Amino acid sequence: MRNHPFAADKTVLRRRVLAALAAAPAALILPGALADPAAAGGGRPGRPASAPRVLSAQPHPGLTAAFTAYGDSGEGWTGADSTYSFRLPAGRRLWMFSDTFLGTVNPDGSRPADAPIVNNTFIVQRGAKMTTIHGGTPDQPEAILVAGPNQWYWLGGGYLGAGAVNVMFIRFERTGPGMWDWVWRDNLLARFDPGDLSLLSTHPMPSAAGVTWSSWLTRHGGYTYVYGTEDLGGTKYMHVARVVGDDLRAPWQFFDGSGWSPSEQDSARVMAGVANEYSVTRWHGRYLLVTHDTNVLFSNEILAYVSDSPTGPFTSPTLLYRTPETGAFGSYGDPNVITYNSHEHPDLRRGDRLIVTYNVNSLDFQGVLDDVTKYRPRFIEVQLAP
């Protein structure tokens, strides 16, 4: 396989871990310490929208079993993070992932020490059958989208429109030999053929305001909305942009706090406390934000907010689910296990039953080798009432 950016010092996958560490507030708050979810606000002042009621929240048995069986099969994907998805033509579903383990799984549930890792992959699902798509060759796998030397792409939200599968990618680069010596560089749109998912073209996207415009993409009311994150380490802010129609190559408009501006520098901070990946979807005539709580260090809480507008204010924070794997008191009994980047998969919604995913990882790289389940997404079903 090609050299992974962090393979030399065995900090493979720690980019995600370090991003979580950088999000820590000045004071350490343990998972579960947020006694009142309403304290997780941060939206702009405005009329509170009615909070959803959570009727139930539990692991989704079908998706959990399907990805467990496929990951253990040795046919490709054995674990990854990001976990975006949407429907493709001809009865298929596209699952999209960032850092991905490939190869086999040992009989004891561990990964081989030399398991290949690539920075972004697809899985195409048709019924019960799954197929992993990556670049390179089976013996020398690469990411679907490869960056330059000492650089890599993680992917974000996507959608089917303008005659292509559209996926936002964010580029990072190593700046030195140290564990922390890497920075975000820019945003990129990649367009893929909806049939065979071959790469059609790439296009630089707005990148001048320090916002990764990859958190979520959605189409509504004649616009495609682009949700991004301004990640300042201790705080993460939501930003919103849009284009007319369904083609992100069109001129962008940026929400400036009261209206729309053609200048990215006018992009306003909508709210704090979102993750780098989240979802904003239509729900009972309003907009439902689902995000991991980043107001709390290594949080185990997935929150929902509601708004009357795609630009917020997002209010009425509601606790959807506490991830059971997180931390020393979690299901692994491992203080190194973290959870992050939860969001909905709206076209899997059935009425008020939402399918939400979140990622599981470990601060200890050896942990994700010793136990494949410490680096696999989780699938939960949340039933809401308006």
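The values are calculated or read from the model by the stated rules, or taken from the named source; none is laboratory data. Everything numeric in this text was worked out from a predicted model, so none of it was measured. Positions of Cβ are backbone-derived with ideal geometry, glycine not excepted, and every protein chain shown enters the neighbour counts.
Some values worked out for this structure:
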{"read-out": "Unique match (being aromatic (Phe, Trp, Tyr) and not in a loop (DSSP other than H, G, I, E, B)) among Trp184, Trp180", "value": "Trp184"}
{"read-out": "Top-ranked residue of the stretch 309-367 - restricted to ones that are surrounded by fewer than 18 Cβ atoms within 10 Å (Cβ to Cβ) and acidic (Asp, Glu), ranked as nearest to Met179 (Cα to Cα)", "value": "Asp364"}
{"read-out": "Which listed residue is over 15 Å from the mean Cα position of the chain (by Cα), of a type in the set (Gly, Ala, Ser) and modelled with pLDDT under 95, from Ser267, Ser316, Ser261, Ser362", "value": "Ser316"}
{"read-out": "Selection status of Asp99, over 12 Å from Gln125 (Cβ atoms) and either modelled with pLDDT under 95 or within 19 Å of the chain's Cα centre (by Cα) (or both)", "value": "yes"}
{"read-out": "Filter result for Pro335 (part of a loop (DSSP other than H, G, I, E, B), over 23 Å from Gly71 (Cβ atoms) and touching a Leu at 6+ places or on another chain (Cβ under 9 Å))", "value": "yes"}
{"read-out": "Residue count for the stretch 78-105, restricted to those that are buried (at least 17 other Cβ atoms within 10 Å of the Cβ) and of a type in the set (D, E, K, R)", "value": "3"}
{"read-out": "Candidates Ser309, Ser342, Ser362 - the one that is under 28 Å from Phe86 (Cα atoms) and in contact with a His (Cβ under 6 Å, 6 or more places away or on another chain)", "value": "Ser342"}
{"read-out": "Single match in Thr68, Thr131, Thr100 (criterion: more than 17 Å from Phe169 (Cβ to Cβ), polar (S, T, N, Q) and in contact with a strand residue (DSSP E or B) (Cβ under 6 Å, 6 or more places away or on another chain))", "value": "Thr131"}
{"read-out": "So Tyr223, is it surrounded by 13 or more Cβ atoms within 10 Å (Cβ to Cβ) and in contact with a Lys or Arg (Cβ under 7 Å, 6 or more places away or on another chain)", "value": "yes"}
{"read-out": "Residue match in the stretch 122-132 (condition: under 26 Å from Leu348 (Cβ atoms) and free of Cβ contacts under 8 Å to residues at least 24 places away in the same chain)", "value": "yes"}
{"read-out": "Filtered residue count, the stretch 190-214, keeping only those that are in a strand (DSSP E or B) and either over 20 Å from Leu232 (Cα atoms) or of a type in the set (A, V, I, L, M, F, W, C) (or both)", "value": "11"}
{"read-out": "Answer residue from the stretch 241-254, given it is farther than 13 Å from Arg219 by Cβ and either touching a residue at least 60 places away in the same chain (Cβ under 8 Å) or touching a Phe, Trp or Tyr at 6+ places or on another chain (Cβ under 9 Å) (or both) and is surrounded by the fewest Cβ atoms within 10 Å (Cβ to Cβ) among those", "value": "Arg249"}
